[in-house]
Structures are given as structure tokens and as C-alpha cells.
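Enquirer: This is the structure, below, for whatever I ask next.
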Amino acid sequence: MSGWVVVAGLGPGRDSLVVPEVAEVLAEATDVVGYIPYVRRVAPRPGLTLHESDNRVELERATHALEMAAEGKRVVVVSSGDPGVFAMASAVFEALEAGPKEWFTLDIRVLPGITAMLAAAARIGAPLGHDFAAINLSNNLKPWELIEKRLRAAGEAGFAMAFYNPRSKSRPHQFARALEILREACGEETLISFARAVSTPEEAINTVTLAEATPEMADMRTMVIVGNRDTRRVGPYVYTPRSAL
């Protein structure tokens, strides 16, 4: 099979944060597939077909990409951030596992990208400077009870935490419950940072204590980073020390 599939991350928002390897493979592609706002970040050009699809159809999107590659097309599956962090890389391999064995011979590559988590942490300072956990707060693919269990375990273990998809219109109340658990597990004076639309003109950074945090401080464009009990402010920055007792 002469076609290939590359799963690529477009970074957190600003074009300059797209890594050069991703830009190079986009220039070679015949087809780009992905969620509507991510595909629209790819500039149209002759010979390139853009395939937009809605959210929550990741497996269908991945299957379509593999089918086109099997036909000899050069396909890029785009995600924001890094494709291996709560994004399309896992969906592509899930579709591969469920598909025909002939697909196993396809050239499939995953190219890393700068995650929203790392971009937000860099703007804040170094809140993930020690051990940390990344948790998706959406319960679309896992029960909310499991999310609560993981929040409490990570907080009690002293991990800093980065939260994806903290609060949406369909899930307006769950983040309030998450804050309650974090106050119990981490302590009310623990610092929490809200980094919205990092690297875009709408960027906004806000750091408060868990006691001061409210659910309305987060939406689906917000990366939330909670420190551990040692996380502290130094001037305008927030950092978590590298050492722990």
C-alpha cells in the first residue's frame, strides 16, 4: 500500500507553535481529516481535500482516514495539542484494531505536538515541576464515579494535576463537585490556575486558591492546573518545587 496516515498535533492555538515536522507532512498530504475547528486551521491548497466532521465521531473519522490511506492517499488526521493526549492517536489505533488485517501494513505515524497542558504550564511558570497527573474531566467515555476516585487519589498522593475539558454546557455542575473533592484532598490554600485560550488573542490566566475558585472560572477552552501543597507563588509566577519530603 502506497498510502499513509499521519496523526498530527497542531499545538495549542498559535501557528508558530505547530512543530516543523507537522507543517512538512501537511504540505505532502492529499487529505486532511479532523474535528471542524482543527481542520479549519489548515490552509486550503490545490490537491488537498479537507474533511471536516463533528465532535464525538472519532472512530468514524479514524476509519475514514484508514480507508483513504488503503486507497493510496496521503492522509493527515489532525488534533489540537498533541494527538496522543486525549485526542485522535488512540482512536486511529482503535479503528485499526477493529478493521481488516490488511490495514496492518499501512504506514501509520504519530507526530507530537505542544499540548495545551504544557503551553498553559509555561505561561503560568512551572506548576508541573514535580510529579503530576493529567485527567480529562469529561465523563463521555468513562463514568463520573471513576473521575471522582482518580481526583481524590491524585490529590491525596500529592500530585499536581492538569485538567482537560473541565466544564461544558452539558456538564455545568460536575466541576463544582470536582472543586469540592480537591479542597478536601489538597487543602483549601492549594493554588489553582485557570489558563484560557492559551497562545491566542483571547488568552487569560488567573491563579487563585482552591478556597477562592468557582466553577464559572472554567469552560471548555480552559486548561485548569492545580498544584500540590508545596506549590507556591514567586512574584507573578507559580511553581512547584522539584523536591519533596
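The values are calculated or read from the model by the stated rules, or taken from the named source; none is laboratory data. Bear in mind that the values here come from a model prediction, so they are computed numbers and not experimental data. Neighbour counts run over all protein chains shown; Cβ positions are idealised from the backbone, glycine included. Heavy atoms of the whole protein, side chains included, go into the accessibility calculation; ligands, DNA and RNA do not. Shrake-Rupley method; radii C 1.70, N 1.55, O 1.52, S 1.80 Å.
Enquirer: Suppose all protein chains stay in the model; what accessible area per residue would a 1.4 Å probe give for the chain, in Å²?
Expert: Here the residues of the chain average 50 Å² of exposed surface.
Enquirer: Along the charge dipole of the chain, Cβ charges K/R +1 and D/E -1, which of Ala70, Leu128, Pro112 sits furthest on the positive end?
Expert: Checking the options against the dipole of the chain, the answer is Leu128.
Enquirer: Could you check the spin-label model distance between Arg123 and Trp144? Points 7 Å from the Cα along Cα→Cβ, value in nm.
Expert: Going by the 7 Å Cα→Cβ label model, 2.8 nm.
Enquirer: Divide by every residue of the chain the summed helix terms, -39500 (n - 2.57) for each DSSP H run of at least 4, and state the resulting mean residue ellipticity at 222 nm, rounded to the nearest 500 deg cm²/dmol. List each step's numbers first, then the result.
Expert: On the way: 7 runs with 72 residues, N = 245.
When only DSSP H runs of four or more count, the value is -8500 deg cm²/dmol.
Enquirer: How large is ³J(HN,Hα) for each residue in the stretch 104-110, as worked out from phi by the Karplus curve 6.51 cos²θ - 1.76 cosθ + 1.60 (θ = phi - 60°), to whole Hz, x for Gly and Pro?
Expert: These are the phi-based 3J(HN,Hα) values: 4, 8, 5, 7, 10, 10, 10 Hz.
Enquirer: Could you check the spin-label model distance between Thr200 and Val234? Points 7 Å from the Cα along Cα→Cβ, value in nm.
Expert: The modelled label-to-label distance comes out at 3.2 nm.
Enquirer: Given R₀ = 35 Å, FRET efficiency for Leu17-Glu156 by Cβ-Cβ distance, to 0.05?
Expert: 0.55
Enquirer: Measure out, as a whole number of angstrom, how far apart the alpha-carbon centroids of the stretch 164-210 and the stretch 217-245 sit.
Expert: So the separation of the two Cα centres works out to 11 Å.
Enquirer: Still on this structure, please answer the following. Determine how many Å³ per residue the convex hull of the Cα atoms of the stretch 140-217 encloses.
Expert: Convex hull volume per residue, Cα atoms: 102 Å³.
Enquirer: Along the Cα→Cβ direction, 7 angstrom out, place labels at Glu97 and Glu28. What is the inter-label distance in nm?
Expert: Label at Glu97, label at Glu28, 2.8 nm between them.
Enquirer: Report which label in (i) 8, 32, 39, 19, 1; (ii) 7, 30, 30, 21, 10, 2; (iii) 8, 32, 34, 18, 6, 2, 0 holds the value of P(r) over Cα pairs in 10 Å bins from 0, in percent derived from the coordinates of this structure.
Expert: The value matching this structure is (ii).
Enquirer: Apply the Karplus curve 6.51 cos²θ - 1.76 cosθ + 1.60, θ = phi - 60°, to the phi angles in the stretch 111-128 and return the couplings in whole Hz, x for Gly and Pro.
Expert: Per residue, the Karplus-derived 3J(HN,Hα) values read 9, x, x, 7, 6, 4, 4, 6, 5, 5, 4, 5, 6, 7, x, 8, x, 9 Hz.
Enquirer: Whole-Hz ³J(HN,Hα) for each residue in the stretch 180-196, computed from phi via Karplus 6.51 cos²θ - 1.76 cosθ + 1.60 with θ = phi - 60°, x for glycine and proline: what do you get?
Expert: Ordered by residue, 3J(HN,Hα) equals 4, 5, 5, 4, 5, 7, 10, x, 5, 8, 5, 7, 10, 10, 10, 10, 9 Hz.
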